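Below is one structure; the comments refer to it alone.
The values are calculated or read from the model by the stated rules, or taken from the named source; none is laboratory data. Being a predicted model, the structure only gives us computed values, none of them experimental. We place every Cβ from the backbone using ideal geometry, glycine too, and count neighbours over all the protein chains shown. Accessible surface is based on the protein model in full, side chains and every heavy atom, while ligands, DNA and RNA are left aside. Shrake-Rupley method; radii C 1.70, N 1.55, O 1.52, S 1.80 Å.
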Number of protein chains: 2
Amino acid sequence: MAYKKINKKDVEILRSICGNDRVFYGDEINEDFGRDELAEIKRMPEVLVEPQCTKEVSKVMKYAYENNIPITPRGQGTGLVGGSVAIHGGIMLNMSKMNKILELDEENLTLTVEPGVLLMEISKFVEEHDLLYPPDPGEKSATIAGNINTNAGGMRAVKYGVTRDYVRGLEVVLPNGEIMEIGGKVVKNSSGYSFKDLIVGSEGTLGVVTKAILRLVPLPKKTLSLLIPFKDLETAIETVPKIIKSKAIPTAIEFMVRDTIIAAEEFLGKQFPDNSSSAYLLLTFDGNSKEEVERAYETVAHICLQEGALDVYISETQERQEAIWSARGAFLEAIKASTTEIDECDVVVPRNKVAEFIKYTDELQHQFNIRIRSFGHAGDGNLHVYILRDDLSEEEWKNQLNEVMDCMYKRAKELRGQVSGEHGIGFAKKNFLNDSLGGSYLELMKGIKSVFDPKNILNPGKVCQ
Amino acid sequence: MAYKKINKKDVEILRSICGNDRVFYGDEINEDFGRDELAEIKRMPEVLVEPQCTKEVSKVMKYAYENNIPITPRGQGTGLVGGSVAIHGGIMLNMSKMNKILELDEENLTLTVEPGVLLMEISKFVEEHDLLYPPDPGEKSATIAGNINTNAGGMRAVKYGVTRDYVRGLEVVLPNGEIMEIGGKVVKNSSGYSFKDLIVGSEGTLGVVTKAILRLVPLPKKTLSLLIPFKDLETAIETVPKIIKSKAIPTAIEFMVRDTIIAAEEFLGKQFPDNSSSAYLLLTFDGNSKEEVERAYETVAHICLQEGALDVYISETQERQEAIWSARGAFLEAIKASTTEIDECDVVVPRNKVAEFIKYTDELQHQFNIRIRSFGHAGDGNLHVYILRDDLSEEEWKNQLNEVMDCMYKRAKELRGQVSGEHGIGFAKKNFLNDSLGGSYLELMKGIKSVFDPKNILNPGKVCQ
């Protein structure tokens with residue numbers, strides 16, 4: 001389908017909807033809006049619009065729909081798979097200016113927010129009210145709607161689940177401009193097909209999220225982190241299913257290797273509490289009393305030592321825990337800074353297959369003579385594996401990357417894993433999704449996309465197209 | 001669309017797929033298969049088939065698809081809205097014979113089951129392994145696939161969430177007979193639109209569940225129940241948002257009134273621990289230590305007494321707790337046994353609107369001079385309200401019932417509630433769903449239904465049609 005190109009008349013109309021100072025055309029658009037965090041996929045939108053309310057989103061969408069103009073919603077652009085890149089040009093909706101926290105309802109334990117509120121703002125706000133919004137992805141400057149659209153998981157999924165589990169209601173603008181309320185503050189809902197769950201994880205292809213009602217939980221009174229060194233990564237990771245089997249449920253179980261820690265130390269200019277061992281597990285526990293947390297971590301520390309851990313470092317103070325976790329939060333940036341270009345693979349496999357997968361990526365490193373760095377969520381099976389370009393030529397890089405990626409996604413499928421644990425499919429991972437799920441699944445997805453967006457104007461060319 | 005009527009040749013072919021002794025035709029079919037638990041909607045299937053494996057389901061489905069025969073999946077028939085009644089005749093798939101527990105995976109904390117395994121079998125099996133499958137609907141003899149199809153919630157939703165939150169993967173037979181694997185043992189998943197969540201709660205209209213991978217959690221070591229009498233229901237229910245706001249999270253908060261308790265005592269022939277007060281809250285707490293559970297219940301007991309509770313009865317032993325909860329589990333049967341016919345309303349409202357809604361049903365009771373009984377999940381806002389026919393004539397009953405239902409669903413919508421918290425829409429609640437969600441939502445649902453089932457053969461006439 002041929003899309004309409006934006007002309008000055010379109011810009012005038014968009015300005016009449018949103019005001020002169022919130023519509024940017026051509027060269028007025030900052031280059032950042034032409035890419036996401038990985039910058040692998042690039043394309044500038046023709047016009048950038050910054051709506052301030054749902055009605056404006058609705059009007060812009062209606063105009064795009066009636067005039068066959070592609071329209072791409074974007075939050076903070078922290079994605080890694082090109083999901084928020086306007087690959088067909090057209091209108092970009094910068095949703096990050098709709099960024100108000102609208103209501104904290106302590107009787108229903110919900111927080112109502114606009115789409116552009118940042119994750120770090122949400123956690124700060126609710127924690128001041130002794131509440132917790134459990135999803136905790138590494139990228140704290142992402143918007144909540146970005147998290148909803150990728151169904152982001154983060155560190156605490158082991159105990160608390162993912163973004164999907166904390167969305168109770170949504171307000172969404174459909175491709176034709178209609179505003180739809182979905183779900184609400186209700187705890188249960190069996191009233192027709194769950195559009196809430198269809199929108200969560202749909203990467204802005206079915207509707208534009210303009211409001212979200214989030215579920216909160218009481219803030220645990222006590223948290224504690226364990227940093228546990230191992231002689232090698234395999235031993236570390238093979239301990240995780242034993243922890244799960246022991247029925248102690250940590251809040252988070254991350255794995256990391258010395259190379260990554262050193263890169264983070266250099267990047268942040270700060271020392272990590274220990275970097276003498278080649279691999280580590282980092283665990284967090286939370287609960288409402290010292291005894292409860294202690295009981296859980298003692299069991300786990302015991303298992304780790306039995307399985308060959310070299311030591312167990314306990315961090316009880318908030319400062320020490322923040323030091324460790326801020327290093328963990330900087331891993332991606334640190335790896336990026338250590339090379340010329342990177343690409344990533346965000347597969348999720350059953351928890352007891354993580355060791356096997358990581359061992360395989362190590363083999364690939366040697367087989368293809370390319371640097372591969374990984375870290376991730378050992379406790380929930382979601383791995384973040386980065387392939388580093390270093391000094392490869394453009395052609396070598398593309399070829400090597402494709403082959404390595406192919407190998408990794410194939411192995412993930414063999415292990416009954418999925419293409420993406422939390423970063424989504426966007427533009428970059430479409431072929432791998434197709435290979436993984438198969439034709440019928442893709443056809444059904446395309447069918448659903450057509451039901452919501454018959455003119456294919458909303459974030460076209462993503463996920464299943 | 002005109003469906004094909006079943007003839008002897010069809011029966012022969014179905015017998016060649018499933019064997020002679022698992023295909024029942026015409027008068028051979030037990031009358032139970034013509035209705036569900038409420039028996040309000042009645043229609044016999046033309047042929048009843050009892051598949052024993054996914055391949056048989058697939059072959060039967062393919063035959064139905066190719067020959068334009070309606071096909072209705074059914075578990076134990078414990079539904080209340082006609083969802084499993086073959087309202088267009090055709091084939092009924094009795095899925096309750098596929099009832100094996102296939103695998104407990106303690107490293108991934110998952111249980112893989114066939115669709116016909118009963119809820120009570122699952123809880124018994126996993127508890128023997130020190131694990132818990134948290135969803136806990138009152139009807140323990142329902143099948144797991146029935147629970148998945150209605151996204152059943154049950155008592156423990158306050159703390160643990162609903163069935164949706166405990167389904168990790170599904171095997172589904174699509175209307176054209178194709179077998180599709182969805183999700184898996186993975187904890188996170190952002191790989192395309194979530195068909196897992198689309199199937200959960202779709203009431204057998206998009207695909208037939210032939211296998212499910214369920215998420216388990218460690219069994220809490222300690223549970224305790226509180227039975228708290230109040231002078232009236234309003235005082236009892238108005239206490240609940242205060243409990244939630246206190247950040248103590250009970251596992252369950254149920255409300256009940258004396259009339260219902262007395263009906264249950266008569267029905268079971270057993271005494272309830274107390275029936276001297278007009279209203280009660282029943283709460284459960286769980287945790288891993290006595291101290292943890294005690295700390296939580298003491299806070300809550302204190303709040304209740306402050307808000308006017310007359311006493312606090314603590315049940316710590318398993319026997320005492322079972323006595324109370326088995327009475328709770330018999331409420332629906334007891335109400336049914338106390339009159340000639342009943343119909344129900346299963347709305348869910350925000351937790352702080354429950355008192356208002358219950359007060360309104362009491363007004364309706366006087367306004368329409370009809371008996372209304374309710375109990376339900378005060379902690380999650382999901383109410384089970386029953387309208388009793390008593391000695392009304394058929395015509396009076398239908399008229400009164402329609403008006404009362406209309407009033408209740410209207411008020412639920414005003415309170416920003418939803419039509420069904422956990423029983424689903426089936427056949428009986430379609431008009432109310434339409435009124436509640438509006439035309440566009442329904443059109444999108446119909447669109448999705450067409451994508452999965454273009455010939456509209458799978459459980460036709462339900463939910464959105």
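Residue of chain B with the smallest Cβ distance to the axis mapping B onto A, distance rounded to whole Å: B:Asp197, 2. Interface residues of region A:445-463, defined as those with an accessible-area decrease of at least 50 Å² between the chain by itself and the complete set of protein chains (probe 1.4 Å), are A:Ile448, A:Val451.
Compute the signed sum of charges (Lys and Arg +1, Asp and Glu -1) over the other residues within less than 9 Å, Cβ to Cβ, of B:Ser278. Within the 9 Å Cβ shell, the charges total 0. If you bin the C-alpha pair distances of the protein assembly as shown every 20 Å from 0, what whole percents do you get? Per 20 Å bin, starting at zero, the Cα-Cα P(r) for the protein assembly as shown comes out as 14, 46, 34, 6, 0 percent.
Can you send over the carbon and sulfur percentage of the accessible area for region A:222-332, probe radius 1.4 Å, protein chains only? Please report the intermediate quantities before stating the final value.
Numbers: 2210 of 4590 Å².
C and S atoms contribute 48 percent here.
In deg cm²/dmol and to the nearest 500, what is the mean residue ellipticity at 222 nm of chain A if only DSSP H runs of at least 4 residues count, each as -39500 (n - 2.57), divided by the residue total? Write out the running numbers ahead of the final one.
Values: 15 runs with 167 residues, N = 465.
The per-residue figure over chain A is -11000 deg cm²/dmol.
In region A:8-97, what percent of the accessible surface is made up of carbon and sulfur (1.4 Å probe, ligands and nucleic acids excluded)? That fraction is 44 percent.
Between helix B:394-414 and chain B there is an angle of about 70 degrees, using the helix long axis and the longest principal axis of the Cα atoms. For region A:339-439, the alpha-carbon coordinates run over 35, 30, 20 Å along the three principal axes, in decreasing order. Rolling a 1.4 Å probe across all protein chains gives B:Cys407 an accessible area of roughly 30 Å². Solvent-accessible surface (1.4 Å probe) assigned to B:Ser246 amounts to roughly 40 Å². Using only side-chain charges placed at the Cβ, +1 for Lys and Arg and -1 for Asp and Glu, the dipole size of the protein assembly as shown relative to its Cα centre rounds to 1840 debye.
With the convex hull of the Cα atoms taken as the outline of region A:8-97, the averaged projected area works out to 5.2 nm².
Ignoring ligands, DNA and RNA, how much accessible area is buried between chains B and A, both sides summed, with a 1.4 Å probe, to the nearest 100 Å²? Present the calculation step by step, with values, prior to reporting the outcome.
Values: alone 20190 and 20200 Å², together 33620 Å².
Separately minus together, B and A give about 6800 Å² buried.
For region A:325-465, the solvent-accessible area with a 1.4 angstrom probe is 35 square angstrom per residue. Once both axes come from the Cα atoms, what is the angle between helix B:54-67 and the longest principal axis of chain B, in degrees from 0 to 90, rounded to 10? Value to nearest ten degrees: 60. Along region B:266-279 the Karplus relation, 6.51 cos²θ - 1.76 cosθ + 1.60 evaluated at θ = phi - 60°, assigns HN-Hα couplings of 5, 5, 8, x, 9, 7, 7, x, 7, 9, 7, 9, 7, 8 Hz to successive residues, with x for each Gly and Pro.
How many percent of DSSP beta bridges within chain B run antiparallel, rounded to 5?
Values: 57 of 66 bridges.
Percentage antiparallel, nearest 5: 85.
Around the amide H of B:Ala252, modelled in the peptide plane, lie the amide H atoms of B:Thr284, all under 5 Å away and 5 or more residues distant in sequence or on another chain. Relative to the longest principal axis of chain B, what angle (0 to 90°, nearest 10) does the C-alpha long axis of helix B:8-18 take? Relative to chain B, helix B:8-18 is tipped by roughly 70 degrees.
Farthest toward the positive end of the dipole of the protein assembly as shown, out of A:Leu219, B:Thr112, A:Phe432, is the Cα of A:Phe432, where the dipole comes from beta carbon charges about the Cα centre. May I ask you to work out the translational diffusion coefficient for region B:122-257 at 10 °C, viscosity 1.306 mPa s, via Stokes-Einstein with Rh from the Kirkwood sum over Cα pairs, reported in whole µm²/s? Calculated translational D: 94 µm²/s.
Karplus-derived 3J(HN,Hα) values for region A:153-169, using 6.51 cos²θ - 1.76 cosθ + 1.60 with θ = phi - 60°, are x, x, 6, 8, 5, 3, 9, 9, x, 10, 3, 3, 6, 10, 9, 9, x Hz; glycine and proline are entered as x.
Calculate the dipole size of region A:203-339 relative to its Cα centre from +1 charges on Lys and Arg beta carbons and -1 charges on Asp and Glu beta carbons; express the result in debye to the nearest 20.
Working: 15 positive and 20 negative charges, 106 e Å.
Dipole of region A:203-339, to the nearest 20 debye: 500 debye.
Considering every residue in B:287-296, what mean count of other chain Cβ atoms within 10 Å of its Cβ is obtained? It would help to have the intermediate numbers written out before the result.
Values: counts 4, 8, 5, 0, 4, 6, 0, 0, 3, 1.
That works out to 3 on average.
Scalar couplings 3J(HN,Hα) for region B:29-39, obtained by applying the Karplus form with A = 6.51, B = -1.76, C = 1.60 to θ = phi - 60°, are 7, 4, 4, 3, 6, x, 7, 10, 4, 7, 6 Hz; x denotes Gly and Pro.
Per residue Cα convex hull volume for chain A, in cubic angstrom? All intermediate terms of the calculation are to be shown ahead of the outcome.
Numbers: hull volume 69.9 nm³, N = 465.
Enclosed volume per residue, from the Cα hull, is 150 Å³.
Counting only Cβ charges, +1 for Lys and Arg and -1 for Asp and Glu, the dipole size of chain B around its Cα centre is about 1420 debye. Over 20 Å apart at the Cα level, from the set A:Lys100/A:Lys336; A:Lys97/A:Lys449; A:Lys247/A:Lys353; A:Lys4/B:Lys446; A:Lys231/A:Lys410; A:Lys62/A:Lys455, are A:Lys100/A:Lys336; A:Lys97/A:Lys449; A:Lys4/B:Lys446; A:Lys231/A:Lys410.
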